[in-house]
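Notes for the one structure printed next.
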Amino acid sequence: MRYKAVIAFILIITSSSAFADTINFGNSFFNKDRANSISQIITVENNASIAMEYTVSFSSHISMQTSDIKAAPLTEEIFDNETKETFSTIAEDSCIQHYGETVFSIAAGHKCRLHLTFSPTEVKEYSEKIYIKSQKDTLEYNITGRGILMPDFTILYYTDNSGENIDNKRAEYSIKWQNETAGTKSDKYAFIKISKTNQKDTSPLTYEINGDAAFQIDSSLSTCKISGNEIKEPEDNSCGIVISFLPGSAGDFSAKLVFNKRILSGAKEYTLYGSASDVLDFGTVYFGGNVQKILISNTSDIDQHYSILSESKDSNFRLVVVNNKNLPSCISNNNETNFMLKKGQSCYLGFTFAPDRNADFTKKIIIMSNSGERREVTLKGSGIEKLQEN
C-alpha cells in the first residue's frame, strides 16, 4: 500500500544540542471502517566523520507498529517498461525498511528520510515527542494532531442520461449519526471535501441546510474559509467543511445540505440523518495493578540492540522499570522501547497489568534484536473488581 505523503522536509543536523521543532499533522478523520492516513517526512543527516547508528522512539507509546503515529518505510512508485505497470517499492534513501524498525545506520556525510504517518483511531488531541538518538546526541521533535471521528457515510452512484455530469453519473450522498446522546454534541463529524471543479466559473459557492437545526457547519474545524453561507473555493489544494450534529432532544432528525453548484465527483446534495436518546454515563470503575518480569539474556558473541514491539494497543499492559539487586532493568524509564546488552549480559524487562474492567485480557509482545533474533511474550490476566471492606 502506497502512502501519499504530505512532504515536509525538516533537516536534522547532528550536533551537541537538539532543537525541538513541531510536526503538526492537523485534523485527520476516521470511522469504524478505516483511518485516514496523513504523512510527513523527516530528513536525517549525519554530518559526522564516522558512520552513526540511530534509534527511534516515541514518548507516549511502546510500539511504532501498532500506534496511531508510526515510523513507516518510505515508498516510491516505479514504472516497469516491460509490463507497463506501476508498482510501489521501498525508496533507496528510506531510513527503515520495515514497520516497527527502531534502529538504522547512516554512513558519514550521508542522509536518509524517515517517514511518519498519522492514522488516528481515537477522538482526542494527540501530543507526544519523537526521539532520534545517536552515539553523539539525542534529537527531539514534538508531534501534534487531532483525531476526529466520522459518522456512517454512504455514496450511491446511478446512471443519468441528462449529460449534466462529465462522467454521466449522479451520486446520492447520505450521512448518518446513530444512537447519539440527546442534549450533547456528537463526537462524530462529517467531512466534505471541496475542490475547484471549474476554473472558469467565478460565481460564489453557497450552501443551505434545509431541515432540523441539529445539523450545523462547524467553522472552527472546517479548513475552507466560510462567511455566512458562502464557501471560498480553493484555487489549488482542496479544503474541507465539517458538519456537526447536536440533537436538542431524543428522537429522529433529518435535513438536506444543498450546494448551489456541484463540488466534487458531481455532488450537489447531501442527505443528513440522526437519532438520539437519553443516556446516563457513569464512566469507568478502575481496578488495581500487578507487575511481572522476564529475563532477557544476550548469549551471542556480539553486543546486541533490542526493540520492543506490541501487536495490540491494549493499554491494560504497559512496560515498567523493575528494581532488582542482582540484575538491572532493561529500560531506564517506562517510555523506552529500545535497549542494548553487551555480550554475556542480562537484564529484567518488566510489565505492569492494571485492568480497567471485569474481563480477560491478552497481549503479545515481540522483542527483536539487530541480528534478527525474535522472542514473543504473551501477557495474560483477568480483571476482577476488588470489593470494599466495611
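The values are calculated or read from the model by the stated rules, or taken from the named source; none is laboratory data. Being a predicted model, the structure only gives us computed values, none of them experimental. Here the Cβ is made from the backbone with ideal geometry for all residues, glycine too, and neighbour counts use every protein chain on show.
A few points about this structure:
- Evaluation of L379 against (1) part of a loop (DSSP other than H, G, I, E, B); (2) within 30 Å of D301 (Cα to Cα) (one fails), failing number: (1)
- The number of residues in the stretch 290-337 that are over 23 Å from F104 (Cα atoms) and among the acidic types (D, E) comes to 1.
- Of the criteria (1) modelled with pLDDT of 90 or more; (2) assigned to a strand (DSSP E or B); (3) over 21 Å from S57 (Cα atoms), which one A213 fails: (2)
- Among the residues making up the stretch 82-136, a single one is part of a strand (DSSP E or B), charged (D, E, K, R) and without any contact (Cβ under 8 Å) to a residue 12 or more places away in the chain: E85.
- Among residues of the stretch 291-310, those that are assigned to a loop (DSSP other than H, G, I, E, B) and either crowded, with 16+ Cβ neighbours inside 10 Å or of a type in the set (A, V, I, L, M, F, W, C) (or both), counted: 2
- Scanning the stretch 53-74 for residues that are surrounded by fewer than 19 Cβ atoms within 10 Å (Cβ to Cβ) and either modelled with pLDDT of 80 or more or of a type in the set (V, I, T) (or both) returns E53, S59, T66, P73.
- Pairing each residue of the stretch 329-344 that is touching a residue at least 60 places away in the same chain (Cβ under 8 Å) with any residue that is aliphatic (A, V, I, L, M) and in a loop (DSSP other than H, G, I, E, B), provided the two are 6+ apart or on different chains, yields C-beta distances under 6 Å for T337/I62.
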